[in-house]
Amino acid sequence: MESNWKVVKTKSDAEPWWFFENWERDIVEEWTFDNDVEAIEKYKEQIHHHRSLYPNMKAKHIHSIAFWNPEEIEFCEACDDDLQLFIGLILFKDGKPAEHLPSNELTEDLRDYITNQ
């Protein structure tokens, strides 16, 4: 059985790992792949690209990363406050966050890549 891999980019006032109700509305771009190698390369490419644009980055596990600029905020009328905007990257496997990659070597390689960016 082939796996379906996806890299999703979001823009929201919530970090990408929260998956609040209707979080899919925050998707601004997505890429689909038939294999892990292509998906992970795209994920790395997007990490590198967004790291060069945003001064702040935080990863949750290896599948979700948030980027932000402290000056990029949006006023929330419902809560009467300014909210931080985040660009999120999420790596999915078969419709779920890719918590486990096909090999420990891939997992360690990606973890090292995220840490060293």
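Just a few scattered comments:
- Sorted from greatest to least, the principal axis extents spanned by the alpha carbons of the chain come out as 48, 30, 19 Å.
- Per residue of the chain, the DSSP helices (runs of n ≥ 4 H) give a summed -39500 (n - 2.57) that works out to -8500 deg cm²/dmol at 222 nm.
- For a label point 7 Å along the Cα-to-beta-carbon line of Ile73, residues of the stretch 4-23 with backbone N under 20 Å: 11-16
- Take every Cα pair under 8 Å whose residues are at least 6 apart in sequence, average their separation, divide by the length of the chain, and the relative contact order is 35 percent.
- Crossing angle, helix 36-53 versus the chain [Cα axis fit, 0-90 degrees, rounded to tens]: 30 degrees
- Coil-residue GluC sites (Glu not before Pro) of the stretch 1-91, DSSP, other Cβ within 10 Å capped at 11: Glu2, Glu21, Glu71, Glu77
Readers should treat all values here as calculations from the given coordinates under stated rules, not as data from a laboratory. None of these values were measured; they are calculated from a predicted model. Backbone-built Cβ (ideal geometry, glycine too); neighbour counts: all protein chains shown.
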